[in-house]
Structure formats: C-alpha cells, structure tokens
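The values are calculated or read from the model by the stated rules, or taken from the named source; none is laboratory data. All values reported here derive from a predicted model rather than from experimental measurement. Using ideal geometry, Cβ is built from the backbone for each residue, glycine included, and neighbour counts are taken over all protein chains shown. All accessible areas refer to the heavy atoms of the entire protein, side chains included, with ligands and DNA or RNA removed. Shrake-Rupley method; radii C 1.70, N 1.55, O 1.52, S 1.80 Å.
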Amino acid sequence: PEQADLNAIDIDTRSDIYSLGVLLYELLTGVTPIESARLKQAAFDEVRRIIREEEPQKPSTRISSLGDTATDISELRQSDPADLAKQLSGDLDLIVMKALEKDRTRRYETANGFAADVERYLNHEPVVASPPSNLYKLRKFVRRNRTGVLAASLVAMALVLGVVGTSLGMVSALRQKDRADRAAELALQEKAEAQKQASRREALGDFLVMDLLWQANPAVNAFEDEVTVLEVLNRAAARIDGSDKFTNSPEAEFDVRTAIGQTYFSLGEYEKARAQLEAAYELGKTVFGPKDFPTLFCINVLSNVLAEQGDVEEAERLARLE
C-alpha cells in the first residue's frame, strides 16, 4: 500500500512482508486478496485507492463468499468449503491479516518473524499475531470517512444542543413565574420538569450511543467496506419505530427525528427527511404545542423539504400554520 503513494520515498523491507502475505493468502484461498479482474477494470487512481484503503476479507470469510469456486479450491486442498473456512479461521486469519496490514508499523518486522509465527501455528503454539484493537480500527475508520464521521458528529451535537437549549428555556420560563403566589406549585412543576428532562437525556444518550454512533464503530462492522453517514443514518432511523427507548420520553423521540430529518435534508434525501420530520411534527404538536419553539423549528425544516420536492402549496400552508 505504501508503494501506491506516488510521493513515498522511504519504502523499506516491510513492503516485502506485504508481498509474502499476498502469496500466503493465495496459497490458502486460491485467490488474491483483491480481485484481479476488478483491478484490471479500474482506472489507475482507483487502483491506487483500493490498494491503499480497502481492507481485504479474511481468508476464512473469502472462502465462504466464493460460491461454486470454493468447491474447486477446497477439493485441491482435500477438503470442502465449510471445513476449509473453519481451518482458516482463527490463527491463520490473524497471521495473514497481520502481514497484509495497510499500516506497515503493524506488520511483521522481518520475514523471519513472519516465518516464526507460521511455525508456531504448525506446532500448535500461541501466535504473535493479534487482531487490531477497536480503538485502532476506529481511528482508521475516521481517517477513511472524515466527511461521514463529521456529519454524524453534527447530528449528535444537534441533538445535545437541542436538548440543552429547550431544557434551559423551559426552566427559565418556570422560574419567571410569580414565586410568591405559586411557590409550592412551582416546586412541583420544577420537580416534574427535572424528571422529564432526565428521562429525555437518558433516552437520547442511549439512542446516540447504541443506535447512531455505535453503528459507525468498526468493531460492529469488522472488515466491512467504508460505512457512509447515510448508511449510519438509515440504520439509526430504522431503529426508532417500535423502539422502547422513547416510551417515557416522547420529547427525546421528537429531538431524534428532527435531527435525523434535518440531516437527511442536508444530504438531499428529501423523502426520508419528510418521513422523519412529519412524524416529529405530529409529536411536537402533542408534547410541546403547535406554536412552541421546537415545533416551529420542525415546521421550518419540513416546509423547506416540501418546497424542494415541488410541493410548494403544502410548504406554504404549513409555514403559515394553517
């Protein structure tokens, strides 16, 4: 991979380790880590990008995905596809993938070190190769998907800021009431509001971690091709309906749908944006009121979506609160 960078001037013997890894991969699976037909069809710059960035499948996974070809390859190795995939999984996968690391600092330092690990496998001893940590895979994911990660982070930030802003506004409004005449009632309202906002933050936090950001975690998508922000949003949106996370906090569901709808809108996914924003609007009318600020903000974004779809009359009607 480092040789695919035209500006590289410090190539060392670790590029030979990568070549040996390719050879071992082909000996085990009968195919190269990257399909040769694909490289022949791709333009020069695309070939360089594939070599530099795309992670090959593990040998055991590759065998399982070869279909009828896997049968022929397995027969040459006196095996069948299922058994061969089982033999390759584990230590052999780790050894090959360590040699094929895009980051040369994570490969074997020398050919002797590579050979020694193969010897350990043959002697049923623990191998040196180990899978990359989740943190390492996450850093690689961020480098490959800077735009997508930035957009996902903006969605998360919008949710957090939205909750903080509306929470502060509500608390401030309550505190401005006549404390002398309504002290007891105010205390009860503040307590109820605090409980509601706690439920809202808990539901949002759970959704952000498990249904949005976690979907972009390479540990969840091991050896998967680049995960785009649109794919992350689609997965997160699919988890809203039927989820019990928002049972005690429809306000949190409103926040999530509004933020996801706004992000879909910015990506040009108008139909998906409309579905999320229309659902948020119905929630907003119930939990905040038809003319409260969160609902009005949702109306503003939704009317823009409708206008982009060519439904100008409906967009104008909605914007006029008719």
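Tabulated values for the structure
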item	result
Subset of the stretch 35-70 that is in contact with a helix residue (DSSP H, G or I) (Cβ under 6 Å, 6 or more places away or on another chain) and free of Cβ contacts under 8 Å to residues at least 24 places away in the same chain - its residue that is least open to solvent (accessible area, probe 1.4 Å)	Ala70
Failed criterion for Ala275 (all others in (1) at pLDDT below 90; (2) of a type in the set (A, V, I, L, M); (3) surrounded by fewer than 18 Cβ atoms within 10 Å (Cβ to Cβ) hold)	(1)
Hits in the stretch 302-322 - residues which are of a type in the set (A, V, I, L, M, F, W, C), in a helix (DSSP H, G or I) and open to solvent by 40 Å² or more (accessible area, probe 1.4 Å)	Ala307, Val312, Ala319
Helices (runs of 4 or more DSSP H) (entirely within the stretch 33-79) containing at least 3 residues that are under 20 Å from Leu6 (Cβ atoms) and modelled with pLDDT of 85 or more	44-53
The stretch 95-126 - residue that is over 25 Å from Asp5 (Cα atoms) and part of a loop (DSSP other than H, G, I, E, B) and, of those, most open to solvent (accessible area, probe 1.4 Å)	His124
Criterion (open to solvent by 70 Å² or more (accessible area, probe 1.4 Å) and either under 21 Å from Asp117 (Cβ atoms) or touching a residue at least 40 places away in the same chain (Cβ under 8 Å) (or both)) met by exactly one of Leu23, Leu84, Leu28	Leu23
Lone unmet requirement of (1) in contact (Cβ under 8 Å) with a residue 24 or more places away in the chain; (2) farther than 25 Å from Arg235 by Cα for Phe297	(2)
Test: residue in the stretch 18-28 that is assigned to a loop (DSSP other than H, G, I, E, B), modelled with pLDDT of 85 or more and out of contact with any strand residue (DSSP E or B) (no Cβ under 8 Å at 6 or more places or on another chain)	no
Answer residue from the stretch 281-301, given it is of a type outside the set (Val, Ile, Thr) and touching a Phe, Trp or Tyr at 6+ places or on another chain (Cβ under 6 Å) and is surrounded by the most Cβ atoms within 10 Å (Cβ to Cβ) among those	Cys298
Counted residues, the stretch 234-254 - those being assigned to a loop (DSSP other than H, G, I, E, B) and either in contact (Cβ under 8 Å) with a residue 60 or more places away in the chain or of a type outside the set (A, V, I, L, M, F, W, C) (or both)	9
